[in-house]
Amino acid sequence: MKPLLQDIRNTPLLWLLVLVPVVLVAQTLAHEAHTLLFVLSVGAIVPLAALLSRATEAVAARTGDTIGGLLNATLGNLTELVIALTALRAGQYVLVKASIVGAIVTNSLFMLGASLLLGGLRHHVQEYNRNSARLQGGMLFMATIAILVPSVLAEGDGGVSRAAFTQSLSLGLSVVLIVTYALGLLFSLKTHSELFAAAGHDEHGEEEWPMPLALGTLAGVTVLVALVSEVFVESVQQAATTLGITPAFVGVIIVALVGAAAEMVSAFAAARKDKLDLSVGIALGSAVQIALFVAPVLVLCSYVLGPSPMDLQFWRGAVAMMLISAVTASLVTNAGRSAWFIGALIITIYVIFAMTLYLLPPPA
Amino acid sequence: MKPLLQDIRNTPLLWLLVLVPVVLVAQTLAHEAHTLLFVLSVGAIVPLAALLSRATEAVAARTGDTIGGLLNATLGNLTELVIALTALRAGQYVLVKASIVGAIVTNSLFMLGASLLLGGLRHHVQEYNRNSARLQGGMLFMATIAILVPSVLAEGDGGVSRAAFTQSLSLGLSVVLIVTYALGLLFSLKTHSELFAAAGHDEHGEEEWPMPLALGTLAGVTVLVALVSEVFVESVQQAATTLGITPAFVGVIIVALVGAAAEMVSAFAAARKDKLDLSVGIALGSAVQIALFVAPVLVLCSYVLGPSPMDLQFWRGAVAMMLISAVTASLVTNAGRSAWFIGALIITIYVIFAMTLYLLPPPA
Amino acid sequence: MKPLLQDIRNTPLLWLLVLVPVVLVAQTLAHEAHTLLFVLSVGAIVPLAALLSRATEAVAARTGDTIGGLLNATLGNLTELVIALTALRAGQYVLVKASIVGAIVTNSLFMLGASLLLGGLRHHVQEYNRNSARLQGGMLFMATIAILVPSVLAEGDGGVSRAAFTQSLSLGLSVVLIVTYALGLLFSLKTHSELFAAAGHDEHGEEEWPMPLALGTLAGVTVLVALVSEVFVESVQQAATTLGITPAFVGVIIVALVGAAAEMVSAFAAARKDKLDLSVGIALGSAVQIALFVAPVLVLCSYVLGPSPMDLQFWRGAVAMMLISAVTASLVTNAGRSAWFIGALIITIYVIFAMTLYLLPPPA
């Protein structure tokens, strides 16, 4: 336990872990204080996500390059996945879909833009490896297109046959996406791992965790994330109404920022050290993983866990936001050079999205 | 005739030519066996297309660089043109439009993706001439945008004035596209031919055909394609219903794969020989030609051959598929580098399109 | 006054200034001759715009690099701004929005395309600075996306709450855009001015104007533009009906070509001298300024000058045209190389837009 406690002592973000017992106790004592529970659960998920990411890396460090890479890639969005699974079990499909949209938008606009901005404030012009950035930009574009096909091609008047069509298309698409994701792992970890070398995770220079501690932390924290997520999912709707926030804003902006907080810390630190390859790799890689892995897994899980099957039909505005995010990220990383204003422009688009979702009148 | 017969003997694909008399006989004997006629006609068009492409090259080889290039460029999609003209005469405008969509999608996704995949399975990373690929990617993007303008800008509620508007816009657009195509030939064959050098057709190392044989084969095979196309167009609707395939799937996927089979053989062979310039040139060049030449020629011909003028208004899903194909192909070839997974990703998008069209409920 | 008169004597375009008194006299004498007034006012605005641009440069030349650059950047689209403000005061919001759309489309397609074509007719292949072109292409793409967010995300059925939403979103967006524009000036004039060096205005080698003359001309010509704009805005609707031109065509094509005439002269001259950096900088820079500065200023001014607040909701076709223009300009300038056919292709897209707007049936 020593390395774990030491890490917690050295990382101020992890001191928020104290909120975890608080939120679980508050849940039993003040079941109806939705706004309080909402704020506490958001505050508790952030350090848990950071710890989860630390434990994943610790396990990965002990298991060698290929399996470690596989773990890092597969568990990289574990927090998002656990939150979405909790919402799925509660049948809150709008929240699940909003969190998918939010994860793609937040990773490819906010995380990328803030990395370029923070890096650019310290370094005049930053160059990075165009070839791997371009590859990841292309992968993000194609993964986003793939996940959006049912929404774009299946539009039209409703009806029973159309709903059945959307459902079977989403199921088939999910299988295709997971196969593509597996091929992508084969590509990035096995046949062409040298192209992704720079995108590997940063050296921590910290003491390595022993395997039992790493695995135990991974398991324990996942359970804690699941417990806190339940409080979060139960309280979010009521709290949003009380605070006057639209559900779309909560799902797309708040959940995504909370879930990605840990990765952002790594991406921003790398950007300030002029390692933009790493920042771009974390941001785009995570967005790709949401589209190719998390989203289809959620569709498949909905057949087992959810009250009814979930499809991959997104609302018009969500389609536009995801497409704009993917095209922007692809175009920008295509250049392989950056300065602070590029980051500011990307964040501007993100801010405009957030503003739109904030102002959006709730559906009548 | 000797070189022709020798070519047939050496090319297993051409042995399928035996299906040509079979389908023509079957047509008179079993007029109602739609499914059989459909399968046979598909099987007969593939070798005819290959032979047509061989004869075009043979004529081109005898007529010098510029006229030869002109012939290769203009007759490169002759099979698609003849099939579409047959459907046009029969008034099957949905099939005609679907075959335009299919030709663009198949060339710029399937042919390109499979070339990159097949090339990438043999070569670790493939580099190709970025400048000409980028030029062709840009041309494809702009040609696709041009052909889609009526569908994108003319949307809205119907009415007589709107139909008349779409029709005159399509006519004007067709003239503009053909002028642009002529300028493009001037550019690629005359003023800037050196940029397209690599995209010229592959050396066959085979015996050259004498001119009369080449011209005779070209004429004779065109007639045969027209005859078989007629069987195909007549049987396709009934056969699709029997086989439970949607008409959109037949038009966009099957017709396009059949029509482009011969070019695919060339493109794939070049990719495996690490000549990706050539593969990219064939795939994108063919897609550009469909948009700038075949589509407007079909509109103009509809005034003479068809029961009523045809416009260039495509259905929403078709617009999305063409745009996605063109943007994907432009973005990918922009890089000038490829590895197998890039090809796999492009094919994934194609597979998702095919799956969507296959599952699409028929319009009520 | 000598340098001013000398400039007028040497520039045939400025001889059209004789139309300025003509149009103002005609306005009082023949108030109802709408078509005549429309043609005269168009003819008078062109030389005024050229003179305005000359006076701006003269002031800028006297005020040092940073303030001069600021003036050039801010007053670069002064003609468009004055025309739009006149239309705004008259409550003609459709014309105001059409002129925003037109300015973006005309700058990023016609001005860019004609520069590449004219340059390409004289030079076989033209190379230009990819890094700054790419930066400006990216800025144009993101600026266009930003201005289009309300139109794309706020679509849906109307209703009071939706109109209020669109209005507050447009107001918030305008503030964000102006802040972004200010950051962009900081970037291009202060922190990273070296990246934009080539995009500065061309040397004229002409006699420098003394400051009072420059300032006086700037003020006087702005007043004249305002007066003539009033004639133009009053006559345009009636004249369009008489001439059988759609209002969309007038707003998007004619107003934009008139307003940008002076900049086009500079951009085309630079292209023919093989200074494509300069041409691309003028064309894209001007389009960016419309999106980030002119459009939000018009929204803010509508609260003071207009009969009611104006929003940034554009009609579907306008959204498509702006997006296509921005993506095309970004993709093309990404390459950093050009030949005449690229220019011809871009102009083709512009011609197709113009044709569509010309044929568009008026809304019932």
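The values are calculated or read from the model by the stated rules, or taken from the named source; none is laboratory data. Owing to the predicted nature of the structure, the values given are computational and were not obtained by experimental measurement. Cβ atoms come from the backbone with ideal geometry, glycine included; neighbour counts cover every protein chain shown.
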Note: among B:A344, B:A364, just one is at pLDDT 90 or above and within 10 Å of chain A (Cβ to nearest Cβ), namely B:A344
For region C:50-83, the count of residues that are over 12 Å from the mean Cα position of the chain (by Cα) and part of a loop (DSSP other than H, G, I, E, B) equals 2
Looking across region B:303-312 at residues that are crowded, with 19+ Cβ neighbours inside 10 Å, over 19 Å from the mean Cα position of the chain (by Cα) and at pLDDT 90 or above, the single one that is nearest to the other protein chains (Cβ to nearest Cβ) is B:D311
From the option list C:F268, C:F232, single residue qualifying as in a helix (DSSP H, G or I), crowded, with 20+ Cβ neighbours inside 10 Å and of a type in the set (F, W, Y) is C:F232
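Residues are listed down the side, and each one gets a yes or a no for (1) modelled with pLDDT under 85; (2) surrounded by 24 or more Cβ atoms within 10 Å (Cβ to Cβ); (3) under 29 Å from C:V20 (Cα atoms); (4) among the β-branched types (V, I, T):
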{"residue": "C:K273", "(1), (2), (3), (4)": "no, no, no, no"}
{"residue": "C:A287", "(1), (2), (3), (4)": "no, yes, yes, no"}
{"residue": "C:C301", "(1), (2), (3), (4)": "no, no, yes, no"}
{"residue": "C:W315", "(1), (2), (3), (4)": "no, no, no, no"}
For B:A329, the lone unmet condition from (1) aliphatic (A, V, I, L, M); (2) away from chain A (no Cβ under 14 Å); (3) crowded, with 21+ Cβ neighbours inside 10 Å is (2)
Filtering region B:271-286 for residues that are of a type in the set (K, R) and in a helix (DSSP H, G or I) leaves a count of 1
Filtering region B:1-32 down to residues that are farther than 21 Å from B:R54 by Cβ and not aliphatic (A, V, I, L, M) yields B:Q27, B:T28, B:H31, B:E32
The correct count of residues that are in contact (Cβ under 8 Å) with a residue 24 or more places away in the chain, over 15 Å from B:A283 (Cβ atoms) and aliphatic (A, V, I, L, M) in region B:336-358 is 5
Being under 30 Å from C:A318 (Cβ atoms), out of contact with any strand residue (DSSP E or B) (no Cβ under 9 Å at 6 or more places or on another chain) and buried (at least 18 other Cβ atoms within 10 Å of the Cβ) narrows C:A73, C:A58 down to just C:A73
request  = For region A:85-98, indicate whether the set of residues that are within 24 Å of A:V280 (Cα to Cα) and buried (at least 23 other Cβ atoms within 10 Å of the Cβ) is non-empty.
outcome  = yes
Residues in region A:347-358 that are facing another protein chain (nearest Cβ under 8 Å), over 14 Å from C:F187 (Cβ atoms) and of a type in the set (S, T, Y) total 1
Among helices (runs of 4 or more DSSP H) entirely within region A:108-204, at least 3 residues that are surrounded by 24 or more Cβ atoms within 10 Å (Cβ to Cβ), at pLDDT below 90 and within 9 Å of chain B (Cβ to nearest Cβ) occur in A:130-153
Going through (1) surrounded by fewer than 24 Cβ atoms within 10 Å (Cβ to Cβ); (2) part of a helix (DSSP H, G or I) one by one, A:A103 fails only at (1)
Review point. Does any residue of region A:254-274 turn out to be β-branched (V, I, T), over 14 Å from the mean Cα position of the chain (by Cα) and farther than 18 Å from A:L52 by Cα?
Key: no
Q. Does region A:11-26 contain any residue that is out of contact with any strand residue (DSSP E or B) (no Cβ under 8 Å at 6 or more places or on another chain), over 30 Å from A:Q237 (Cβ atoms) and assigned to a helix (DSSP H, G or I)?
A. yes
Would you check if A:T86 is more than 14 Å from chain C (Cβ to nearest Cβ), touching a Leu at 6+ places or on another chain (Cβ under 8 Å), among the polar types (S, T, N, Q) and assigned to a helix (DSSP H, G or I)? no
Just to be sure before I move on: is A:L40 part of a helix (DSSP H, G or I) and closer than 22 Å to A:F196 by Cβ in the structure I sent? no
Scanning region A:316-364 for residues that are farther than 23 Å from C:G172 by Cα, part of a helix (DSSP H, G or I) and polar (S, T, N, Q) gives A:S330, A:T333, A:N334
Filtering region A:287-315 for residues that are small (G, A, S) and assigned to a helix (DSSP H, G or I) leaves a count of 4
The number of residues in region A:220-248 that are closer than 20 Å to A:T28 by Cβ and of a type in the set (S, T, Y) is 2
